[in-house]
Number of protein chains: 2
Amino acid sequence: MQAEDRRVQIISRSTDLFLEQGFAGTSMSMIAKRCGITKASLYHHFNGKDELFVACVTSGYQRALDALTEIIAQADRPAGQKLAEAMTVLYDITISSSVGRMSPLIAEVSRTFPNVARSFHSEYIAPQQDLVWNLIEAGQASGEFKDLDRGLLFHMLFGPIVTLSLSREMFSTFDDLDEHFPVGHLRDGHLNVILGMLRKDR
Amino acid sequence: MQAEDRRVQIISRSTDLFLEQGFAGTSMSMIAKRCGITKASLYHHFNGKDELFVACVTSGYQRALDALTEIIAQADRPAGQKLAEAMTVLYDITISSSVGRMSPLIAEVSRTFPNVARSFHSEYIAPQQDLVWNLIEAGQASGEFKDLDRGLLFHMLFGPIVTLSLSREMFSTFDDLDEHFPVGHLRDGHLNVILGMLRKDR
DNA sequence: GTCTATATCACGATAGAC
DNA sequence: GTCTATCGTGATATAGAC
């Protein structure tokens with residue numbers, strides 16, 4: 001297999017394993033086996049486990065951010081409607097995409113590799129918040145939204161989503177997972193609360 | 001040292017280590033050294049690493065729940081005021097106490113030991129939610145609060161708190177941590193949003 | 001680019017003396 | 001209750017042939 005294709009495959013398979021078993025719980029042997037090669041071949045493509053993990057975290061950033069950018073860039077539509085679509089995307093990428101589900105993992109390794117947490121923040125969290133804030137400011141400029149503390153808005157907007165993702169990871173063995181944590185229902189109610197915070201009273 | 005004292009010491013020290021290094025990242029040797037004994041002595045008190053970890057998670061439950069119970073049981077006072085105090089306690093135990101900070105850890109081990117996640121939910125999360133819900137129902141009975149979907153309320157109430165705790169763990173190496181995540185400020189704004197959801201409109 | 005073979009080390013856990 | 005000594009395993013990582 002070509003080197004680049006192999007790299008992509010390794011990142012994909014090892015991301016799955018890290019999500020399943022955690023960082024320390026995933027060994028290079030397991031990764032090699034999952035890719036159908038030996039450990040020595042694996043080390044030909046990545047110098048070590050740390051480097052591979054960083055590649056896994058980093059590779060998911062752009063795709064997730066692109067989906068958000070697309071919504072912000074759309075032709076003029078009510079900010080409330082854009083926000084509704086943005087929140088749908090945020091729920092999707094936080095709960096279903098690898099980069100969103102990696103938050104607890106990054107917390108796990110952040111003490112050992114503080115750089116991972118820093119890059120996660122500066123290359124993913126901060127740009128994501130900036131994109132959402134652009135949307136909010138557009139709504140304020142058009143008079144649809146009122147002024148609101150940025151930190152508080154993100155606390156109320158991202159907080160429930162990230163916790164929902166964490167809960168679903170944590171209790172993934174529950175057979176009534178969707179009953180305990182019904183994503184669509186919670187997202188709709190959440191959106192209404194956020195709109196209530198943003199919309200000018202009467 | 002007496003067996004019981006030693007057990008307590010081991011649980012305390014190993015809880016710190018698990019929080020610092022994760023489950024797989026913490027070895028029995030590290031724990032023994034931190035306690036000033038050898039590995040063999042450690043195994044005299046706990047049959048294995050799993051058992052020790054479960055003891056760490058479990059030992060924090062009751063203290064955290066007691067603090068909440070105290071508030072609910074207080075003499076009659078406006079439900080809004082009780083809720084404000086309950087949220088202060090929830091922020092404290094989720095962000096500062098070991099059991100609150102253990103959520104990402106439990107997510108890490110939940111695949112390998114599903115029982116840990118189940119016990120965490122049934123012995124800590126569910127009772128905590130029941131206590132808060134008692135408070136809400138009292139407010140509804142007195143006419144102070146309106147009806148509200150239980151799942152949505154918990155989504156909006158616990159979500160931001162748990163995520164704030166996770167973020168502070170994840171970015172604990174940031175030197176401007178309290179500037180990025182000002183607990184008191186976010187808690188006050190959060191309370192107002194929750195009260196806005198619960199209070200009857202004019 | 002992939003392999004076999006191996007070096008080196010730390011892990012969880014145990015045996016048995018005191 | 002704590003110790004020294006050790007077993008067996010699996011971890012990261014490398015050497016060198018093809």
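Listing for the model above:
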| item | result |
| --- | --- |
| Qualifying residues in region A:111-129 (those that are open to solvent by 40 Å² or more (accessible area, probe 1.4 Å) and among the hydroxyl-bearing types (Ser, Thr, Tyr)) - the one farthest from the other protein chains (Cβ to nearest Cβ) | A:Ser122 |
| Meets criteria (part of a helix (DSSP H, G or I), open to solvent by 10 Å² or more (accessible area, probe 1.4 Å) and of a type outside the set (A, V, I, L, M, F, W, C)) for A:Thr173 | no |
| Qualifying residues in region A:15-29 (those that are in a helix (DSSP H, G or I) and within 14 Å of DNA strand C (Cβ to nearest atom)) - the one nearest to A:Gly48 (Cα to Cα) | A:Met28 |
| Residue within region B:136-144 that is within 12 Å of chain A (Cβ to nearest Cβ) and of a type outside the set (Lys, Arg) present | no |
| Single unsatisfied condition, A:Ile106 versus (1) closer than 20 Å to B:Glu20 by Cβ; (2) touching a strand residue (DSSP E or B) at 6+ places or on another chain (Cβ under 8 Å) | (2) |
| Subset of region B:66-92 that is assigned to a loop (DSSP other than H, G, I, E, B) and of a type outside the set (A, V, I, L, M, F, W, C) - its residue that is most open to solvent (accessible area, probe 1.4 Å) | B:Asp76 |
| When residues of region B:35-49 are limited to those that are more than 12 Å from DNA strand D (Cβ to nearest atom) and more than 13 Å from chain A (Cβ to nearest Cβ), the one nearest to B:Leu105 (Cα to Cα) | B:Gly48 |
| Unique residue being of a type outside the set (Asp, Glu), farther than 26 Å from B:Ile106 by Cα and within 12 Å of DNA strand D (Cβ to nearest atom) when the list is B:Ala3, B:Ala84, B:Ala32, B:Ala79 | B:Ala3 |
| Of all residues making up region B:30-53, the number that are assigned to a loop (DSSP other than H, G, I, E, B) and of a type in the set (S, T, N, Q) | 2 |
| Scan of region A:176-202 for residues that are assigned to a loop (DSSP other than H, G, I, E, B) and either more than 9 Å from chain B (Cβ to nearest Cβ) or on the phi > 0 side of the Ramachandran plot (or both), ordered by number | A:Asp176, A:Lys200, A:Asp201, A:Arg202 |
| Meets criteria (crowded, with 18+ Cβ neighbours inside 10 Å, of a type in the set (Val, Ile, Thr) and not assigned by TED's automatic domain parsing to the domain that holds A:Ile136) for A:Thr26 | yes |
| One residue from B:Thr94, B:Thr88, B:Thr38 being touching a helix residue (DSSP H, G or I) at 6+ places or on another chain (Cβ under 8 Å), of a type in the set (S, T, N, Q) and under 24 Å from A:Phe171 (Cβ atoms) | B:Thr94 |
| Residues that are free of Cβ contacts under 8 Å to residues at least 24 places away in the same chain and more than 13 Å from DNA strand D (Cβ to nearest atom), drawn from region B:17-29 | B:Leu17, B:Glu20, B:Gln21, B:Thr26 |
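The values are calculated or read from the model by the stated rules, or taken from the named source; none is laboratory data. Please read these numbers as outputs of a predicted model, since none were measured by experiment. Every residue, glycine among them, receives a Cβ derived from its backbone with ideal geometry; neighbour counts consider all protein chains shown. Calculation scope for accessible area: heavy atoms of the full protein, side chains included, ligands and nucleic acids excluded. Shrake-Rupley method; radii C 1.70, N 1.55, O 1.52, S 1.80 Å.
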